Each structure stands twice: as structure tokens, then as C-alpha cells.
Amino acid sequence: MNNNYNVNFKEKALEYKEQMLEDLCGLLKINSVLDETTSSEGAPFGKGIKEALDYFLKIAKRDGFKTYCDAGYAGVLTYGEKEDAIGILCHLDVVPTGGNWKFPPFSATIEDGKIYARGSMDDKGPTMAAYYALKMIKDLGIVLKKRVEIILGTDEETAWRGINHYALNHKMPEIGFAPDADFPLIYGEKGILNAYLKSNYQDDDLVSFKGGERFNVVIDEAEAITKMNHQKEFVQFLKEYDLDGKTALLENGNVSYKVYGKAAHAMEPMKGVNAGTYLLKFLSGFVNHPLVKFVSENIHNDFYLNKLGLNVTHPEMHELTCNMGIIDYENGQMKASLDIRYPIGFSLEHFEKTLKEKLPKECSYEITQNKTPLYVSKNDELVQDLYESYKKYSGDMINDPKTIGGGTYARALKKGVAFGMEAPNAPSVAHQPNEYVVIDDLLTAIAIYADAITKIGNK
């Protein structure tokens, strides 16, 4: 072993390119969307997620790392035996595919220097980059003063049950980073509040409504079935708002109305087109359902909740945002989800008071999750060390560390930050159809992560 890590990690990363691509494409071909219908002992979140976890741990064993699987809730690979540890927190689950793809979403198709696949950017690509960074360090025999743990989560896109299960039974590293979100570095993340608006109101004209699957994705397709025929008005509605959609008269005399929108990450709902709330807006002119009217009047396209008086701003974390990712109505039961990304200064008490005052009497709410904001000072040593590694290998001297509305595993650490690998000003592709990762960016990220690990691992 040696303590000399004066090495050009970018040049070294090129030596691993082909093997890295083979390992990553194999991982991307695994459908690791949450599927609890296939859950079992050792696979709490379904066969696909367990397959991805097993696949990754097999790679780590092949390369000589010490590995551990926490009953399918999480996996860990370790470098070094020191008592103090740094954590690299990754996740192998992905959001549903949604929308129209130019290539099958789990084909890992390579075209024009990009790999197209669900999870390529969030978070399998960055995870593999972080892994190969640690593999390079190991292969070079670099001695670190701290143990390094890559912790592989399995439920990050939903409820964090995997990482929470692991943290309850094992000591978590106190500092580290999540290779997730944007470069140069994320030192602050908004809080995440998930809630359902609910109503048991039976509307005689509305048969069913279905839109969206996840809190954290803008609804890209929604369908309502009604007993009323307003097809002419619907066609005009689509034209007025420049929407794609279709309507059909069903055999039983009911009418189907479909709206096609655009998916986006919940942290930036304004970048999408919410098919669900647009369809509720259309229906609100014809049905008397109180929740339909409430959403269309108070939440539709009001990404900052100004109409409800709930907007909050922060000089570094910016404005509160809100996404409605699930709308469902069947057998007289309606629920609509809220995914609220809030900065420091948000009051949960004020939020609940507002809903109690403004929701129709036939409606209620249920808070399902509340993660408070993450904030590490821009001047903190961890932030500055990682930032220097980024600048060294990216050559980017312009873009500064920032805050985001997304939520990463970084907040599972006492002091953690999100650390790439989406390039500054690059198109946001996470959670969207045709998600991709640029191969050259992967190699750069490997170098950045390797430099960062050696730096903070020797503090």
C-alpha cells in the first residue's frame, strides 16, 4: 500500500472505460422500479430492486471489496478498516418509465456518446462512477485515514424505508456525500412534505379518474371517465391550452377524456405539464366534486402555492414549490397528492391551519412524510474540499455550489452534501422519458470522485 496519490485520476479512469460501461449497462438493463407485488423475504421492494442490489454487490465481490447485504433493504461495500468512516450514499431504485421513449427504457442503448436508460442519471450512472472511483483508489493501493463505505439504498424514490432500516441497525458514517443531483455541489436541500388531499364525496357524473404514480413526478397522462358527454368542449379545451389529448364514447355510454402532459421532477414542476390538474380544470366546469374544484382553483399551475398563501422564500434556498403527482378517484374515494419542497422558514403549523380553513368540509388531508431541510455552510471544509476536486477535473471555474429542491440521501448523514453528476446548465433528464448519461461525463465524474475521496478520506 502507498500514501502517494499524486495521480491523474482522469487519465486513470480511461483505463477502466470499457469494463465500467459493461458493468453499468448490465445494471441499467435491470428494471428496478418499486414493485411490492413481487416482494418477499430478502426482497422487501420487489424482485427488480433485489436483482439490482445483488448485481452490484456481485461486482464489488469480484473486485475484492468487503460486502454486506441488509436483508435486501440496503447493501454496503467497504474499503479500509479504520474506525472513522466517510459515507457515499447511492440508490439503485428508479422511478417508473412513463412517456414515449426513443429506445426501450431498460435497453441501455448507446448512441452519440450517451447511454439511454431509466436510471442512467438518477442514480445508477453516478453510483457506478463513485464505485469506479473507489475501485481505482483500491487498485492503486492508496492508503486512507478513514474507512470508506458505499451504501446502496433501495427505496430512495419513494419512502426511504431501505436506508432508514439500515440506519436503525447499523452505525452510519457522520460525513460524506451522495453522488446524486447536480455538480458542482449541493450544500442545501429543501424540506420535503408529502400529503394527500382526500374526499369521500360521491359525484354522480364522475365515474373514475386516474393520473400519475409517484409524488415526485409531474403527471404526464391522465384519464377521466364520466357519464356526461362534453366531447366538443373537451376538444376546444385542448386547443385553448395547447394540450394533446383524446376523447372516446365508450360502449356503455360513458365518455373517456385523456390529457397528455410532460413529466418532470417534482422539485421543478414548472418544467413539466401536469396532465392531471389540467384534466381536473376541465372537469371543474361540469362536475360538482369539491376536491376537483378546490384543486383546479387553488393548486393547478400555482407551483408556489401563492393562492393559498403558503409561499415561502429563502435567500439561498429560494421559493417553496408544489407538485401534484397522483390523482385517483374510484368508488367515491378521491385522493390527490402534494409534494411540497420547502426552504428554511416554512411552518408546518401554518400549512395545516391553512388547509383546515380552506379545504371544503367534504375534504380532509393526511401528511405521509416530512423531511426537514438539509443545510451545510458553503464555507464548511467538506464543501470546500469537494468543490476543489470538482474544479480540478471539470475545469469549471464559473459555477458555484448551490441549493436545490430535490432530496437526496445526503440528509441521512450528520454532515452530508449532494455531489453530482449532472453538469451545470445541462438539460435536466432525471425522471423524464429518454433519460441519458454522457459517457465522457461519467469518466470525468470518476476522476472527481476519486480525488474527493482521497482528500476527505485523509482528513
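Bear in mind these aren't lab numbers, they're just calculated from the coordinates by the rules spelled out. This one's a predicted model, so the numbers in the text were calculated from it and none came from an experiment. All Cβ positions, glycine included, derive from the backbone under ideal geometry; neighbour counts span all protein chains shown.
Descriptive notes on the structure:
- 5 angstrom amide H check on residue 369, placed H, neighbours 5+ away: 194
- Ranked by how many other Cβ atoms sit within 10 Å of their own Cβ, fewest first, the residues 209, 346, 419 fall in the order 346, 209, 419.
- Rounded to the nearest 20, the size of the Cβ-charge dipole of the chain about its Cα centre is 580 debye, with Lys and Arg at +1 and Asp and Glu at -1.
- Potential lengthening between residue 174 and residue 398 on full extension [0.36 nm per residue; Cα-Cα distance subtracted]: 77.6 nm
- Across the range 339-362, the residues whose backbone nitrogen lies under 15 Å from the label position 7 Å along the beta-carbon direction of residue 369 are 339-342.
- If you take all other residues with their beta carbon under 11 Å from the beta carbon of residue 432, and give Lys and Arg +1 and Asp and Glu -1, the sum is -1.
- Taking θ as phi - 60° and the Karplus parameters 6.51, -1.76 and 1.60, the scalar couplings of the range 146-155 work out to 10, 6, 10, 10, 8, 9, 9, x, 10, 9 Hz in sequence order, x denoting glycine and proline.
- Taking a point 7 Å from the Cα of residue 15 along the Cα-to-Cβ direction, the residues of the range 65-95 with backbone N closer than 19 Å to it are 65.
- In this structure, the amide hydrogen of residue 109, modeled 1.01 Å from its nitrogen in the peptide plane, lies closer than 5 angstrom to those of 116, counting only residues at least 5 positions away or on a different chain.
- The chain - Rg (one decimal) and Dmax (whole number), Cα, Å: 23.2, 77
- Think of the chain as having a plus end and a minus end, set by charges on the Cβ of Lys, Arg, Asp and Glu; of 109, 438, 167, 167 sits farthest toward the positive end of this dipole.
- Here the Kirkwood formula puts the hydrodynamic radius of the range 192-371 at 16.5 Å, using every distinct Cα pair.
- Shape of the range 161-220, Cα gyration tensor, a/c cut at 1.5: prolate
- Each of 288, 377, 9 was scored by the projection of its Cα onto the charge dipole of the chain, and the greatest displacement toward the positive side belongs to 377; charges sit on the C-beta of Lys, Arg, Asp and Glu.
- The angle between the Cα long axis of helix 124-140 and the longest principal axis of the Cα atoms of the chain comes to about 10 degrees, rounded to the nearest 10.
- Inter-probe distance in nm under a simple model that places probes 7 Å from Cα toward Cβ, at residue 228 and residue 414: 5.9 nm
- Among 208, 228, 195 - extreme Cα towards positive end, dipole of the range 184-244, charges at beta-carbon: 195
- For the range 263-273, 3J(HN,Hα) computed residue by residue from phi via the Karplus equation (6.51, -1.76, 1.60; θ = phi - 60°) reads 6, 7, 5, 4, 6, 9, x, 5, 7, x, 10 Hz, glycine and proline entered as x.
- Under 5 Å between amide hydrogens, built in the peptide plane, is the criterion, and for residue 434 it picks out 102 among residues at least 5 positions away or on other chains.
- In this calculation the C-beta distance from residue 81 to residue 440 is compared with R0 = 35 Å, giving a FRET efficiency of 0.50.
- Cβ-based exposure ranking for 363, 69, 90, in which fewest neighbours within 10 Å come first: 69, 363, 90
- Neighbour net charge for residue 208 - beta-carbon separation under 14 angstrom, K R +1, D E -1: -2
- Per residue, the convex hull spanned by the Cα atoms of the range 195-292 measures out at 99 cubic angstrom.
- Orientation-averaged projection of the range 306-436 equals 11.1 nm² [convex hull of Cα atoms, one quarter of hull surface area].
- Cα-based helix-to-principal-axis angle, 231-240 vs the chain, degrees rounded to 10: 50 degrees
- All distinct Cα pairs of the range 374-459 go into the 1/r average, and the inverse of that average, the Kirkwood radius, is 14.1 Å.
- Hull shadow area, averaged, the range 9-48 [alpha-carbon convex hull, nm²]: 3.9 nm²
- Number of Lys pairs (Cα under 23 Å; 8 or more positions apart or on different chains) in the range 21-133: 23
- Cα shape, the range 347-424, gyration tensor, a/c 1.5 rule: prolate
- Share, in percent, of DSSP beta bridges within the chain that are antiparallel, nearest 5: 75 percent
- Ranking of 160, 101 by count of other Cβ atoms within 10 Å, fewest first: 101, 160
- Entry note, the chain: the mean residue ellipticity at 222 nm calculated from DSSP H runs of n ≥ 4, each adding -39500 (n - 2.57), is -9000 deg cm²/dmol after division by the residues and rounding to the nearest 500.
- Angle in degrees between helix 439-456 and the longest Cα principal axis of the chain, rounded to the nearest 10: 60 degrees
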